[in-house]
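Below you'll find the structure, written out as structure tokens, and then a few comments.
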Amino acid sequence: MTTTADPATTDAPVPAPVQRIQLRKAAPDVYTAMYALTKAAAQGLDPVIAELVKVRASQLNGCAYCVDQHSHDARALGLTERKMYGIPVWRETSFFTARERAALALTEAVTRLGDHGVPDEVYDEAARQFPEDELARLIAMTVTINAWNRLGVTARLSPAPDPDHS
């Protein structure tokens, strides 16, 4: 008698949820505008700061596609695995500069925007760390990645399967 393994107990990856809509095809003009906004926000913003912002906001928003994409992009910029793993617990590590910490704090405040908005102490620290033109782009980058995350989560975008497990 041949038995088959229960798929729930094998080492095979579980498929991602089915994508709901292909927004890029359904609304290409929206994608073009979003890319233009992202590119404009990035002009003059430290690329490492930009990727830290994108990774952290994407983690908070639960956007699997963006976490995967921007973690990859951050590693390509030279961020170490240790620093990447430290992003969710950045306050508890010594891995991040004062500028990176201010950017991460602002990212969290903007992403978790509550009834009272961005706290003054968070904004003021970011304003101490970044000149006004770069601060404006940091805010724009945070807003932009949050918009991308909301599109990605709603559409159920997921990263391509890991080739090592296919």
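The values are calculated or read from the model by the stated rules, or taken from the named source; none is laboratory data. All of these numbers come straight from a predicted model, not from anything done at the bench. Note: ideal-geometry Cβ built from the backbone for every residue, glycine included; neighbour counts use all protein chains shown. Side chains included, ligands, DNA and RNA excluded: accessible areas come from the protein's heavy atoms. Shrake-Rupley method; radii C 1.70, N 1.55, O 1.52, S 1.80 Å.
For this structure, a couple of remarks:
- Lys39 falls short on exactly one of the conditions (1) without any contact (Cβ under 8 Å) to a residue 12 or more places away in the chain; (2) within 17 Å of Ala102 (Cβ to Cβ); (3) of a type outside the set (Phe, Trp, Tyr), and that condition is (2).
- Residue within segment 152-162 that is in contact with a helix residue (DSSP H, G or I) (Cβ under 9 Å, 6 or more places away or on another chain), acidic (Asp, Glu) and touching a residue at least 60 places away in the same chain (Cβ under 8 Å) present: no
- Scanning segment 107-120 for residues that are open to solvent by 60 Å² or more (accessible area, probe 1.4 Å) and either among the acidic types (Asp, Glu) or at pLDDT 95 or above (or both) yields a count of 3.
- Residue within segment 55-66 that is more than 22 Å from Thr107 (Cα to Cα), free of Cβ contacts under 8 Å to residues at least 60 places away in the same chain, open to solvent by less than 30 Å² (accessible area, probe 1.4 Å) and of a type outside the set (S, T, N, Q) present: no
- Qualifying residue in segment 78-101 (condition: under 30 Å from Ala155 (Cα atoms), among the aliphatic types (A, V, I, L, M) and touching a Pro at 6+ places or on another chain (Cβ under 7 Å)): no
- Segment 54-66, residues that are part of a helix (DSSP H, G or I) and more than 17 Å from Leu138 (Cβ to Cβ): Gln59, Asn61, Ala64, Tyr65, Cys66
- For segment 67-102, filtering for residues that are assigned to a helix (DSSP H, G or I), open to solvent by 30 Å² or more (accessible area, probe 1.4 Å) and hydrophobic (A, V, I, L, M, F, W, C) leaves 4.
- Where a residue in segment 9-31 is closer than 21 Å to Thr144 by Cα and its partner, wherever it lies, is open to solvent by 80 Å² or more (accessible area, probe 1.4 Å) and in a loop (DSSP other than H, G, I, E, B), with Cβ under 9 Å and at least six apart: Ile21/Arg156
- Members of segment 121-137 that are surrounded by fewer than 18 Cβ atoms within 10 Å (Cβ to Cβ) and not in a helix (DSSP H, G or I): Pro131
- Counted residues, segment 80-118 - those being in contact with a helix residue (DSSP H, G or I) (Cβ under 6 Å, 6 or more places away or on another chain) and farther than 17 Å from Ala50 by Cα: 2
- Some residue of segment 97-113 being under 26 Å from Ala33 (Cβ atoms) and either in contact with a Cys (Cβ under 8 Å, 6 or more places away or on another chain) or without any contact (Cβ under 8 Å) to a residue 24 or more places away in the chain (or both): yes
- Qualifying residue in segment 6-28 (condition: under 17 Å from the mean Cα position of the chain (by Cα) and over 19 Å from Arg137 (Cα atoms)): no
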